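All remarks here apply to the structure that follows.
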């Protein structure tokens, strides 16, 4: 089979959330696109959040690849139907976290091949196999359909060396110049094993790193396509400073760049115990930390298996603010130990401790997590069907809480958000002359209003059936 033209697609994000304005693409497709381009293929990437799909390109494609987080899956399956109608001869390949754990679902919804877990190696092996009319049964980590039957090859042996991966090629993305936020990955994996997170199941607990030299090369290559001083770089690592020595080395490399890099990353609360790293972050241009606080209820933290306590949280907020770094607090509401009072207290403390922006997510039982299996076993999932996956994004209740009704949890999440994002708090930031926080608070308040308008039907059904 000759494969000359390929189209890669990231489905649009359904609904409204705090990050709706960022339109930051996932990294998997730009990495694969760079690898395919090096092989001489004609590749285009369409991220629906940035631009519409060119169906003429799909019609001439020999291969179409789609990536899918859980909330993107329904749209991905819808696209597959359209692709097959327009171009029935093309091969459709799917990858990403959702289909790694719902593989047969993806195959049943039209995918010819599914790559489980990390996709770079198996994808290129599959490309070679198709070009040479080889046998896909030899490719580890691959699932496929053959004569109406589904086959699942053994899992991959080992994991890719991140230094051997190319720099993501954002130039292949149609509409890439609209990007305000540029993602860069410097590591994969996480040493923790939070029950609601699928990172360990996807990438393992052993963290693998891209060398500081390679990361700097990535930054320089991206600078050729974007004016990075006018963009915001987001290091997508799940725990940027897990290895302090390596983090310090990387930060020194970033500080030595010839231009100022405006960047942020995700961190754990215990970053405050690493003052040397915080100092180097400031010198290297860090503007914001996405902090996994989760809750101000200690019982919930214990339930989530988080390595922190309430005193750690307070000290972390103080230490980070002392360095002049903006804090985006990430909270998860709906633990079995959560009550109405604990959720409202979490919201009040987020305001009390001057967290700059906050994300009050409802607990999401993503496929592949211990939480999902636990709730499914206890028959506490409200929805578990393809058409409902778009609700699995942290803004909708999709399970039965222990101490609250589903409707009560939904209302508490909205109330917690409104306690943080409102005119009063915006005015408070104005008095402190933190004008960026004023804009963020007003945006959050407007976003909350939009969400309520769009989800009136969902709220009505939840109230009728689960109040």
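What follows is calculated from the coordinates using simple rules that are stated; it is not laboratory data. Given the structure is predicted, the values throughout are model-derived calculations rather than measurements. Please note: Cβ atoms are built from the backbone with ideal geometry, for glycine as well, and neighbour counts cover all protein chains shown.
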Check: Assuming R0 = 22 Å, what is the FRET efficiency of residue 206 and residue 252, from their Cβ-Cβ distance, to the nearest 0.05?
Finding: 0.35
Check: Out of the DSSP beta bridges found with both residues in the chain, what percent are antiparallel (nearest 5)?
Finding: 20 percent
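Out of all DSSP beta bridges with both ends in the range 5-152, state the antiparallel percent to the nearest 5.
Details: 7 of 25 bridges.
So the antiparallel bridges in the range 5-152 amount to around 30 percent.
Find the Cα radius of gyration of the chain, compare it with 2.2 N^0.38 Å by division, and give the number to two decimals.
Working: Rg = 22.3 Å, N = 467, 2.2 N^0.38 = 22.7 Å.
Here the Cα radius of gyration is 0.98 times the empirical estimate.
Would you mind calculating the gained length between residue 415 and residue 276 on full extension (0.36 nm times residue separation, minus the Cα-Cα distance), in nm to one decimal? Working shown, then result.
Numbers: separation 139, 0.36 × 139 = 50.04 nm, distance 3.79 nm.
Stretched out fully, the residue 415 to residue 276 stretch lengthens by 46.2 nm.
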Checklist line | Helix 340-352 axis, angle to the chain major axis (alpha carbon atoms, nearest 10°) | finding: 80 degrees
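Quick one: compute the contact order of the range 232-327, relative version, from alpha carbon pairs under 8 angstrom and 6+ residues apart, as a percent. Mind dumping the intermediate values first?
Working: 130 pairs, mean separation 27.6, N = 96.
The value is 29 percent.
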Margin query: Can you give me the angle between helix 28-38 and the longest principal axis of the chain, using Cα atoms only, in degrees from 0 to 90, rounded to the nearest 10?
Written below: 40 degrees
Note to self: Under a crude label model (7 Å from the Cα following the beta-carbon direction), how far is residue 180 from residue 315 in nanometres?
What the structure shows: 3.6 nm
Next item on the list: Using Cα centres only, tell me the gap between the range 395-467 and the range 149-197 in whole Å.
Entry: 31 Å
Margin query: Per 0.36 nm of contour for each residue apart, how much would the distance between residue 225 and residue 434 grow if the chain were fully extended, relative to their Cα-Cα spacing?
Written below: 72.1 nm
Check: Normalised by the number of residues in the chain, what is the relative contact order in percent for Cα pairs under 8 Å and 6+ residues apart?
Finding: 12 percent
Check: Given the C-alpha centroids of the range 242-318 and the range 1-78, what is the distance between them in whole angstrom?
Finding: 32 Å
Margin query: To test your reading of the geometry: what angle, between 0 and 90 degrees and rounded to tens, separates the Cα axis of helix 435-454 from the longest principal axis of the chain?
Written below: 70 degrees
Next item on the list: Taking 7 Å along the Cα-to-C-beta vector as the label spot, tell me the residue 354-residue 376 distance in nanometres, rounded to one decimal.
Entry: 4.6 nm
Checklist line | residue 59-residue 244 pseudo-label distance in nm [points 7 Å out on the Cα-to-Cβ vector] | finding: 6.1 nm
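Provide the FRET efficiency to the nearest 0.05 for the residue 260-residue 344 pair, computing r from the beta carbons and using R0 = 45 Å.
Values: r = 40 Å, r/R0 = 0.90.
Step by step, r from the Cβ atoms, then E = 0.65.
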